[in-house]
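To start, the structure under review is shown below, and the notes come after it.
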Amino acid sequence: MARAQLLFPKDFLWGTATAAYQVEGNNTNSDWWVWEQADGRILHNQKSGLASNWWANAEQDLDIAAEMGTNAHRLSLEWSRIEPEPSVFDDAALGRYREILQAMHQRGIEPMVTLHHFSNPLWLVEKGDFNSAVVVDYFRRYTAKVVDVLGDLIPKWVTINEPVVYVFMRYLTGDFPLGQHSGWSGVMGAIPNLLGCHAAAYHTIKEKLPQAQVGVAKNMAVLQARPGSLPLSRWWAGRVNWLFNYMWLDSMTNGRLYFPFGRRPIAHLAGSYDFIGLNYYTRFYVNFPPLGGLVSDRWEPGAVVSDGNYGEVYPAGLFQIIESLLPYKKPIYVTENGVPDKADRLRPSFLMTHLREVWRAISFNYPVMGYYHWSLVDNFEWDRAWTQRFGLIEINPETQERSWRASGRLYQEICRSRSLTSQQAEKYAPELMQTIFTGSDPANYRADFEAFLAAVPDVKPMEDDRLDSGG
Ligand code: BGC
């Protein structure tokens, strides 16, 4: 029988992704640790505890990543370990990070390192954290230390993970520490300082390591009005889409704040990124008036929804968003993409369909350079703790025992062959044979993308003041 194969470029990076607080365990100097201890904050009052035990033994999972055939991994550093008190740097912690980074290189796994992934040193909270402009200097100093001690081992950097998600969760919804509901004033106070931290880190890294590639990991979701919505909802969906998906990129591109975050330029921000890291998970509908939140978790009939109503599985959105990033003219890495699916019911087909979208983008010569699956192993999923499992490898947090999910084996076949094949589909997701390899109709994708563009007037970086005129 004929065999189909969708090949990826030779130098494509095949990766997985994790974050320090979610895998290391015992991060007792972090604001998350204190936050977790009180009842009612984390689902079922679960605790991170040892997490995935990486502080003691990241190497066992790096062995697995190597066996899986990956050649890249995105991890983060825990600021609260490196600088447990203001200006006091912990050499032992830096030494341990050196070991982990070296272990990656020894296994042929290229590190991409995130400096800030949702977690802060406790002392930063006392200084006013991202609502206070002093954070920029602290972040610059922390970055400089990391560059000095670990920089030779880090070719790719992410300054801040999902800044917009972070400020929403921290200041608006109260789901992240410190449980604040400081409303838009908290969000608006933090955005300029976070952009300042990003710019400071970017230049601190580039001054010492001009060859390093530095970017940001930006969560981007398809945000659109429901089909058939009134014009007001479509207009509103366009605003929300720009705010959530493109505002940060436009600010980094043009070096300034946009309404409603102010209008001033931010020093050294313009052009301060070498690549776009895209974290893609799902699509949401947006309605006007925004009753009950900005986005709706009511799916259309027939939608495939992952564990705990996390979101709709919507692979076409990955291509749509990649295409919408072309005007920024930067290399793109998919720095996160995954699904909470303890039983591994959806993940095999999730992997193949999303990677098919990446392959399709590459076949149009779009500059997608790598893919980091979230996640290598099950880990502590923030306020949803152990109820949502994203790992290609399953972990029992009580015994720390590992077992390969079928999707882990599938990713191994994909990474090792650098391709998607009809045999993989036959073996792991037979329902995909039709859509991926035989009967797919590119016209469907085009129609989807056109609907997306129609709902979204502002996907280009804005050089003008179109948005300001509204405020
Ligand atoms: C975050 C991760 C998180 C993942 C799954 C991303 O928004 O960067 O920390 O675990 O989504 O929810």
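The values are calculated or read from the model by the stated rules, or taken from the named source; none is laboratory data. Since the structure is predicted, the reported quantities are computational estimates derived from the model, not experimental observations. Here the Cβ positions follow ideal geometry from the backbone for every residue, glycine too, while neighbour counts run over all protein chains shown. Accessible surface is based on the protein model in full, side chains and every heavy atom, while ligands, DNA and RNA are left aside. Shrake-Rupley method; radii C 1.70, N 1.55, O 1.52, S 1.80 Å.
Let me confirm something: among Ala361, Ala425, Ala343, Ala385, which residue is within 16 Å of the ligand (Cβ to nearest atom) and among the aliphatic types (A, V, I, L, M)? Can you show your working first?
Details: Ala361 fails: within 16 Å of the ligand (Cβ to nearest atom); Ala425 fails: within 16 Å of the ligand (Cβ to nearest atom); Ala343 fails: within 16 Å of the ligand (Cβ to nearest atom).
One residue alone meets the criteria, Ala385.
Can you confirm whether Gly255 is more than 22 Å from the chain's Cα centre (by Cα) and closer than 17 Å to Ala199 by Cα? I'd like the intermediate steps shown before the answer.
Working: more than 22 Å from the chain's Cα centre (by Cα): yes; closer than 17 Å to Ala199 by Cα: yes.
Considered against the rule, which asks whether it is more than 22 Å from the chain's Cα centre (by Cα) and closer than 17 Å to Ala199 by Cα, Gly255 comes out as yes.
Working only within the range 282-332, note down all residues that are aromatic (Phe, Trp, Tyr), open to solvent by less than 40 Å² (accessible area, probe 1.4 Å) and closer than 25 Å to Trp184 by Cα.
Pass one, the range 282-332, residues aromatic (Phe, Trp, Tyr): 284-285, 288, 299, 310, 314, 319, 328.
Narrowing further to those that are open to solvent by less than 40 Å² (accessible area, probe 1.4 Å): 285, 314, 319, 328.
Hit for the range 282-332 is Tyr285, nothing else.
Report, by residue number, each residue of the range 33-76 that is of a type in the set (Asp, Glu) and open to solvent by 10 Å² or more (accessible area, probe 1.4 Å). Outline the logic, then answer.
The first filter runs over the range 33-76 and keeps only residues of a type in the set (Asp, Glu), leaving 36, 39, 59, 61, 63, 67.
Hits for the range 33-76 are Asp39, Glu59, Asp63, Glu67.
Pull up the range 148-168, narrow it to residues that are more than 20 Å from Val125 (Cβ to Cβ) and open to solvent by 10 Å² or more (accessible area, probe 1.4 Å), then point me to the one that is nearest to the ligand (Cβ to nearest atom).
Lys156
So, in the range 399-440, of the ones that are of a type outside the set (A, V, I, L, M, F, W, C) and in a loop (DSSP other than H, G, I, E, B), which residue ends up least open to solvent (accessible area, probe 1.4 Å)? Break it down into steps so the answer makes sense when it comes.
Of all residues in the range 399-440, those of a type outside the set (A, V, I, L, M, F, W, C) come to 399-403, 405, 407-409, 411-413, 416-419, 421-424, 426-428, 430-431, 434-435, 438-440.
Add one more test, that the residue is in a loop (DSSP other than H, G, I, E, B), and what stays is 399-400, 405, 418, 430-431, 439-440.
Working: Thr399: 84, Gln400: 27, Arg405: 10, Arg418: 83, Pro430: 78, Glu431: 117, Gly439: 43, Ser440: 40 Å².
Only one residue fits best here, namely Arg405.
Does Phe89 count as more than 19 Å from Ala217 (Cα to Cα), aromatic (Phe, Trp, Tyr) and more than 16 Å from the ligand (Cβ to nearest atom)?
Working: more than 19 Å from Ala217 (Cα to Cα): yes; aromatic (Phe, Trp, Tyr): yes; more than 16 Å from the ligand (Cβ to nearest atom): yes.
Answer is yes for this residue.
What is the one condition in (1) among the aromatic types (Phe, Trp, Tyr); (2) within 13 Å of the ligand (Cβ to nearest atom); (3) surrounded by fewer than 20 Cβ atoms within 10 Å (Cβ to Cβ) that Tyr372 does not satisfy?
(3)
Anything in the range 375-385 that is open to solvent by less than 30 Å² (accessible area, probe 1.4 Å) and farther than 23 Å from Glu67 by Cβ? List them, or say none.
Our first condition is that a residue be open to solvent by less than 30 Å² (accessible area, probe 1.4 Å); within the range 375-385, this holds for 375-383, 385.
Answer for the range 375-385, where residues must be open to solvent by less than 30 Å² (accessible area, probe 1.4 Å) and farther than 23 Å from Glu67 by Cβ: Phe380, Glu381, Trp382, Asp383, Ala385.
What number of residues within the range 1-32 satisfy the criterion of being modelled with pLDDT of 95 or more and open to solvent by 70 Å² or more (accessible area, probe 1.4 Å)?
5
Determine which single condition Tyr97 fails, assuming it passes every other condition in (1) of a type in the set (Phe, Trp, Tyr); (2) surrounded by 21 or more Cβ atoms within 10 Å (Cβ to Cβ); (3) within 16 Å of the ligand (Cβ to nearest atom).
(3) is the only condition that Tyr97 fails.
Tell me, which residue of the range 386-398 that is closer than 20 Å to Glu36 by Cβ and charged (D, E, K, R) is most open to solvent (accessible area, probe 1.4 Å)?
Checking each candidate, the answer is Glu398.
Report yes if some residue within the range 209-225 is without any contact (Cβ under 8 Å) to a residue 24 or more places away in the chain, over 20 Å from Leu75 (Cα atoms) and either in a loop (DSSP other than H, G, I, E, B) or aliphatic (A, V, I, L, M) (or both); otherwise report no. Lay out the reasoning, then the answer.
First, pick out the residues of the range 209-225 that are without any contact (Cβ under 8 Å) to a residue 24 or more places away in the chain: 210.
Within this subset, residues satisfying the condition of being over 20 Å from Leu75 (Cα atoms) are 210.
Checking which are either in a loop (DSSP other than H, G, I, E, B) or aliphatic (A, V, I, L, M) (or both) leaves us with 210.
Checked against the condition, which is being without any contact (Cβ under 8 Å) to a residue 24 or more places away in the chain, over 20 Å from Leu75 (Cα atoms) and either in a loop (DSSP other than H, G, I, E, B) or aliphatic (A, V, I, L, M) (or both), the range 209-225 yields at least one hit.
Determine whether the range 169-185 contains at least one residue that is assigned to a helix (DSSP H, G or I), buried (at least 19 other Cβ atoms within 10 Å of the Cβ) and not charged (D, E, K, R).
yes
How many residues are away from the ligand (no atom under 16 Å from the Cβ) and under 23 Å from Phe168 (Cα atoms) when one looks only at the range 295-322?
Going residue by residue through the range 295-322, those that are away from the ligand (no atom under 16 Å from the Cβ) are 296, 298-304, 315-316, 319-320, 322.
Filter once more, keeping what is under 23 Å from Phe168 (Cα atoms): 296, 298-299.
So the answer is 3.
Considering only residues of the range 323-340 that are of a type outside the set (Ser, Thr, Tyr) and away from the ligand (no atom under 16 Å from the Cβ), which is nearest to the chain's Cα centre (by Cα)? Talk me through it step by step, then tell me what you get.
If we filter the range 323-340 for residues that are of a type outside the set (Ser, Thr, Tyr), which is where we start, we get 323, 325-327, 329-332, 334, 336-340.
Next cut, away from the ligand (no atom under 16 Å from the Cβ) only: 323, 325-327, 329-332.
On the way: Glu323: 18, Leu325: 16, Leu326: 19, Pro327: 21, Lys329: 20, Lys330: 17, Pro331: 16, Ile332: 13 Å.
For the range 323-340, the residue satisfying everything is Ile332.
Can you go through Leu351, Leu355 and tell me which one is more than 16 Å from the ligand (Cβ to nearest atom), open to solvent by less than 10 Å² (accessible area, probe 1.4 Å), over 20 Å from Glu162 (Cβ atoms) and not charged (D, E, K, R)?
On the way: Leu351 fails: more than 16 Å from the ligand (Cβ to nearest atom).
Matching residue, one of Leu351, Leu355: Leu355.
Cβ-Cβ below 7 Å, separation at least six or inter-chain, first residue in the range 231-247 and over 16 Å from Pro289 (Cβ atoms), second among the aromatic types (Phe, Trp, Tyr): which pairs?
Correct list of pairs: Met247/Tyr258.
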